[in-house]
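The structure appears below as structure tokens.
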Amino acid sequence: MAQENWQKYKLLKLLELLRQETDEQHPLSTSQICNKLGEMGISCERRTLTKDIAVLNELGYEVMWNWVGKEKGYYIEDRSFSVPELKILIDAVQAASFVTEKKTAELIDKIAALGGSHKADILKSNMVCFNTRKHSNESIYYNVGF
């Protein structure tokens, strides 16, 4: 990848990391973020991380912070869907008889991931079992959009 694109790549990975692994109760400290980016092969220094987060805030992403020990801990609180909304979507997928068991599990994982990794565990552990017989024909699922 060209050198001028590394900064753009770094910002995208930083945003992805914050969206997936943080919320108000689970911020990542500056050193944790630098370590995680380092594991992805992206060099990051504490000073530039602060500037990168400022850029994300200028672009409209609400990256918040609070203290984690003696360091700032960063997180993104704003989600496209709230936990109750995600729960409704999961329940709807479980109740849909035309969706196979396999597709149901895949969709539930995708929906739960929209809430971030910490809330995904909560959403998947608190599922209601519906007395709905599921189809075994996956082609029905693919015909829904047509």
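The values are calculated or read from the model by the stated rules, or taken from the named source; none is laboratory data. Given the structure is predicted, the values throughout are model-derived calculations rather than measurements. Backbone-built Cβ (ideal geometry, glycine too); neighbour counts: all protein chains shown. All accessible areas refer to the heavy atoms of the entire protein, side chains included, with ligands and DNA or RNA removed. Shrake-Rupley method; radii C 1.70, N 1.55, O 1.52, S 1.80 Å.
Can you pull out every residue in region 105-129 that is in a loop (DSSP other than H, G, I, E, B) and either at pLDDT 70 or above or open to solvent by 90 Å² or more (accessible area, probe 1.4 Å) (or both)?
L114, G115, G116, N126, C129
Determine which single condition V99 fails, assuming it passes every other condition in (1) open to solvent by 70 Å² or more (accessible area, probe 1.4 Å); (2) over 20 Å from the mean Cα position of the chain (by Cα); (3) modelled with pLDDT under 90.
(1) is the only condition that V99 fails.
Can you name every residue in region 53-84 that is part of a helix (DSSP H, G or I), modelled with pLDDT under 90 and not hydrophobic (A, V, I, L, M, F, W, C)? Give the steps one after another, and end with the answer.
As a first pass, look at region 53-84 and keep what is part of a helix (DSSP H, G or I): 53-58, 83-84.
Of the ones still in play, those that are also modelled with pLDDT under 90 are 83-84.
Matches in region 53-84: P84 only.
Which residues, counting only those in region 4-41, are in a loop (DSSP other than H, G, I, E, B) and surrounded by fewer than 17 Cβ atoms within 10 Å (Cβ to Cβ)?
Applying the first criterion (in a loop (DSSP other than H, G, I, E, B)) to region 4-41 yields 22-27, 40-41.
Answer for region 4-41, where residues must be in a loop (DSSP other than H, G, I, E, B) and surrounded by fewer than 17 Cβ atoms within 10 Å (Cβ to Cβ): E24, Q25, H26, M40, G41.
Only residues that are within 18 Å of the chain's Cα centre (by Cα) and open to solvent by less than 40 Å² (accessible area, probe 1.4 Å): list them for region 49-86, please.
I53, L56, V63, G73, Y74, Y75, I76, L86
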